[in-house]
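The values are calculated or read from the model by the stated rules, or taken from the named source; none is laboratory data. This one's a predicted model, so the numbers in the text were calculated from it and none came from an experiment. Cβ coordinates were reconstructed from backbone atoms using ideal geometry, including for glycine residues, and neighbour counts include every protein chain displayed.
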Number of protein chains: 2
Amino acid sequence: MSEIESDAPPPRRPTMKDVAREAGVSTSAVSFALNNRPGVSDATRRRVIRVADRLGWRPSSAARALSGENAGAIGLVLARPADSLGGESFFLQLVSGIQASLAPRDQPLVFQMVEDVQAECELYRRWWAEGRVDGVIVVDPRVSDPRPETLAVLGLPAVVIGGMEAPGNPDAPQLPRRARLSNIWADDSGAMDLIVRHLYALGHRRIGHIAGTPGFAHTARRIASLRAAGRRLGLEQAVSVTTDFTDRQGAKAARRLFSAPAPPTALICDNEVMAVAAVSVAAERGLHIPRDVSVVSWEDSVICHTLHPQLTALVRKADEFGHRAAGELLALLDGGAPRQLQDPLPRLQPRESTGAPPA
Amino acid sequence: MSEIESDAPPPRRPTMKDVAREAGVSTSAVSFALNNRPGVSDATRRRVIRVADRLGWRPSSAARALSGENAGAIGLVLARPADSLGGESFFLQLVSGIQASLAPRDQPLVFQMVEDVQAECELYRRWWAEGRVDGVIVVDPRVSDPRPETLAVLGLPAVVIGGMEAPGNPDAPQLPRRARLSNIWADDSGAMDLIVRHLYALGHRRIGHIAGTPGFAHTARRIASLRAAGRRLGLEQAVSVTTDFTDRQGAKAARRLFSAPAPPTALICDNEVMAVAAVSVAAERGLHIPRDVSVVSWEDSVICHTLHPQLTALVRKADEFGHRAAGELLALLDGGAPRQLQDPLPRLQPRESTGAPPA
DNA sequence: GATCGCCACTAAACCGTGTTAGTAGGCGTC
DNA sequence: GACGCCTACTAACACGGTTTAGTGGCGATC
């Protein structure tokens, strides 16, 4: 191990100047050669590339950002209290999918967690001013969300996922035409229909819904969809209770629903953590699943099929979602036009936690 | 909404030149004023700061990185297949804790997922050459891990968490003295003792261990600790089975252990996902928990206390862990000396899944 | 009253790229 | 053989900061 003991000073990173000196050309020639631009002969280009390779040269992202105006990184901000995403697998899967798009382009993901949406807007402004990211992915859209407009004003390209209203919806916020915002829209209404139809077919007429955080756009959409479906099908009951996505509030909501004079015979839970909490509350009350009450989780994850009874769940692949969103952002950065896309309708995976209601 | 319809071009980010012009001084004076350096009068300093504030000036991170040599960001790489961290809450908590340290300094976290440790080393080299990060946090140390040496050679400051051997251990790799590596060492042996003593006191003499990925250093330490404890206490059985941390392999390992001629009366599972899987396999075999078999989860998370029976778990706060690691890295970046720290011993939270073994 | 020193500030160089303008040299053309 | 054109390259500048080396003005000192 003597070469380790020798304790060499850390190497200096090679620059274009080093490559130029070694190859016997100017730095401009090096720049042309390495960026596949005309202006150098093929022989020189090959020689330069070989030298750069040998020295282990990489473009300084800082220098690139300074001259080229693009940071070579994209941003993701999470504005949820850390404990509210305790057991949720959604975000890790999402990030994993985002990486899948970014990896081939060697674009890192800059990630930060903040307190609330105001702080998030502030962070976007800072990132923009600092030139840290070329674009961002916006998650958890809110009912009246300041972020799209903030991003539009800054001219920072972004993809809003799971969010905003359907194209043509009059409620959709008016944004500057120059705004470079794409939108991957999740069909919460269609998904809710899938679930409700499943439960209706089993015979359920009283459905409870343990929803997510009140201000979230998809929470509002799901609540509205359930009520609409309830009216359409003539359900006796279609009631939603909002929470903060934690097991604690999920359990509290379940207790409240179970304590009603005519409790629901089926529960729809907006994430798997609250679904497990609901199952737990049912057990605590001596209710058998699915004989006494059915439970559906709006999100599939390991525990949904590891647990007994296995949970009927809405399967939407968070990683593919992230993959697509990041791809869309890259397209936007490459000069593509903003688009309004719809995420494919998730699949409902029936398992052991749903069955016919008690007679 | 006419001011939105007016469709203004996106603003240009203000630079020091703008501040200088507005304040009627040179850019050098602005630099001095904003960095609290001598060279300007108090009156000028105040004026410059006020102007910069009014214009919303922020230093370009790229320009800073180019002249100041530091990127103003730290890196985190995860070298695990995405599906292996499906339900684990550890990483999200860890990242959340890291953010807590970084937020006051406005340092973003650069995050990337890769295939394996080789790719991770390659990424470190690239990040170093690109000047993207000032330091990194290394997780999941392996038995013979190439990363510390890679980082040492590059001179990239790093904090290795959960890792390496205890100070003074002869197996610890020899690194260049100039290496700027701190180390937060987890006392897996002490933690294993906590669990084994708990089970021993309940009367268990045959203990099975569903361990993590074979190459991981903490997996090796836990296996060795269990065997040592077994010898010390004169256990009949103390057997470990390695997995890849997924529910699938956890279940497979549980089946294998249960199928032995003299199956263990207690299982220690290296994460909560596998603990749930083990519980599920037990149920599938008609084994009651904890009457027929006890289960301990080496990691606490929402499901551990939402599930029934609630799982006895080792509680180590991943967010505090991350907080501390990031703090240590920042200290290192500020010129502090590398340190060897020990993480506080986790607490064992007895719940419903452990009890006396069958007679 | 000339000299010195200090203060507050400016000019200029630098970091590592990308880009644009400019130039030397070879070749074909009339 | 003078001219123009094309190729292959170099010089110079820009990006937005930091830092070093000046510089002019003013008060104190002998």
* **Cβ-Cβ under 7 Å pairs, at least 6 apart or on other chains, the stretch B:36-56 side in the same structural domain as B:THR15 (by TED's automatic domain parsing) and among the polar types (S, T, N, Q), far side modelled with pLDDT of 95 or more and within 11 Å of DNA strand D (Cβ to nearest atom)** => B:THR44/B:ALA29; B:THR44/B:ALA33
* To do: Go through A:GLY72, A:GLY56, A:GLY86 for me and flag whichever is at pLDDT below 95, over 30 Å from B:ALA103 (Cβ atoms) and surrounded by 13 or more Cβ atoms within 10 Å (Cβ to Cβ).
  => A:GLY56
* Looking at this structure, is A:VAL77 buried (at least 21 other Cβ atoms within 10 Å of the Cβ) and over 38 Å from the mean Cα position of the chain (by Cα)? -> no
* Exclusive hit being within 7 Å of DNA strand C (Cβ to nearest atom), surrounded by fewer than 19 Cβ atoms within 10 Å (Cβ to Cβ) and away from chain B (no Cβ under 14 Å), set A:ARG64, A:ARG37, A:ARG50, A:ARG46 -> A:ARG37
* From B:GLY135, B:GLY162, B:GLY155, which residue is among the small types (Gly, Ala, Ser), touching a Phe, Trp or Tyr at 6+ places or on another chain (Cβ under 9 Å) and more than 10 Å from every other protein chain (Cβ to nearest Cβ)? -> B:GLY162
* To do: Return the pairs, sorted by first residue and then second, in which the second residue is surrounded by 15 or more Cβ atoms within 10 Å (Cβ to Cβ), the first residue lies in the stretch B:333-349 and is free of Cβ contacts under 8 Å to residues at least 60 places away in the same chain, the beta carbons are less than 7 Å apart, and the residues are 6+ apart or on different chains.
  => B:GLN349/B:ASP300; B:GLN349/B:THR312; B:GLN349/B:ALA313
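How many residues are free of Cβ contacts under 8 Å to residues at least 40 places away in the same chain and either crowded, with 22+ Cβ neighbours inside 10 Å or more than 21 Å from B:PRO261 (Cβ to Cβ) (or both) when one looks only at the stretch B:214-227?
Matching residues across the stretch B:214-227 total 5.
Yes/no per residue for (1) surrounded by fewer than 20 Cβ atoms within 10 Å (Cβ to Cβ); (2) modelled with pLDDT of 95 or more; (3) within 20 Å of the chain's Cα centre (by Cα); (4) among the polar types (S, T, N, Q):
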| site | (1), (2), (3), (4) |
| --- | --- |
| A:ASP145 | no, no, yes, no |
| A:GLY163 | no, no, yes, no |
| A:ALA172 | yes, no, no, no |
| A:ASN183 | no, no, yes, yes |
| A:HIS198 | yes, yes, no, no |
* Check the stretch B:91-103 and report whether any residue there is polar (S, T, N, Q), touching a strand residue (DSSP E or B) at 6+ places or on another chain (Cβ under 9 Å) and within 23 Å of A:PRO81 (Cα to Cα). => yes
* Asked: Taking the stretch B:126-143, which residues are surrounded by 21 or more Cβ atoms within 10 Å (Cβ to Cβ), hydrophobic (A, V, I, L, M, F, W, C) and within 16 Å of DNA strand C (Cβ to nearest atom)?
  -> B:TRP127, B:TRP128, B:VAL133
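Okay, residues lined up against (1) more than 12 Å from every other protein chain (Cβ to nearest Cβ); (2) of a type outside the set (Phe, Trp, Tyr); (3) within 11 Å of DNA strand C (Cβ to nearest atom):
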site: A:ALA33; (1), (2), (3): yes, yes, yes
site: A:SER41; (1), (2), (3): yes, yes, no
site: A:ARG58; (1), (2), (3): no, yes, yes
site: A:ASN70; (1), (2), (3): no, yes, yes
* Candidates B:ALA8, B:ALA23, filtered to the one that is small (Gly, Ala, Ser) and either at pLDDT below 90 or assigned by TED's automatic domain parsing to the domain that holds B:ALA158 (or both) -> B:ALA8
* To do: Filter the stretch A:305-328 down to residues that are crowded, with 23+ Cβ neighbours inside 10 Å and among the polar types (S, T, N, Q) and give me whichever is nearest to B:MET274 (Cα to Cα).
  => A:THR306
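Considering only the stretch B:86-93, I want to know if a residue exists there that is part of a helix (DSSP H, G or I), over 18 Å from A:LEU76 (Cα atoms), more than 9 Å from every other protein chain (Cβ to nearest Cβ) and under 16 Å from the mean Cα position of the chain (by Cα).
Scanning the stretch B:86-93 turns up at least one residue that is part of a helix (DSSP H, G or I), over 18 Å from A:LEU76 (Cα atoms), more than 9 Å from every other protein chain (Cβ to nearest Cβ) and under 16 Å from the mean Cα position of the chain (by Cα).
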* Asked: Which residues, taken from the stretch A:299-341, are within 14 Å of chain B (Cβ to nearest Cβ) and of a type in the set (Lys, Arg)?
  -> A:LYS317
* **Number of positions in the stretch B:49-84 that are more than 11 Å from DNA strand D (Cβ to nearest atom) and assigned to a helix (DSSP H, G or I)** => 8
* **Members of the stretch B:228-263 that are modelled with pLDDT under 95 and either outside the structural domain of B:HIS305 (by TED's automatic domain parsing) or buried (at least 20 other Cβ atoms within 10 Å of the Cβ) (or both)** => B:PHE245, B:THR246, B:ASP247
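Quick grid of which residues meet (1) among the polar types (S, T, N, Q); (2) assigned by TED's automatic domain parsing to the domain that holds B:GLN107; (3) surrounded by fewer than 24 Cβ atoms within 10 Å (Cβ to Cβ):
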| position | (1), (2), (3) |
| --- | --- |
| B:ALA275 | no, no, no |
| B:SER280 | yes, no, yes |
| B:PRO290 | no, no, yes |
| B:SER294 | yes, no, no |
| B:ILE303 | no, no, no |
| B:LEU330 | no, yes, yes |
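Would you call B:ALA266 surrounded by fewer than 16 Cβ atoms within 10 Å (Cβ to Cβ), in contact with a strand residue (DSSP E or B) (Cβ under 8 Å, 6 or more places away or on another chain), over 15 Å from A:THR306 (Cα atoms) and in the same structural domain as B:LEU199 (by TED's automatic domain parsing)?
no
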* Asked: Looking at the stretch B:325-356, which of its residues are in a helix (DSSP H, G or I) and either over 16 Å from B:ALA179 (Cα atoms) or among the basic types (Lys, Arg) (or both)?
  -> B:ALA325, B:ALA326, B:GLY327
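Can you tell me which residues in the stretch B:18-27 are more than 14 Å from chain A (Cβ to nearest Cβ), within 11 Å of DNA strand D (Cβ to nearest atom) and under 21 Å from A:GLU130 (Cβ atoms)?
Passing the criteria: B:ALA20, B:THR27.
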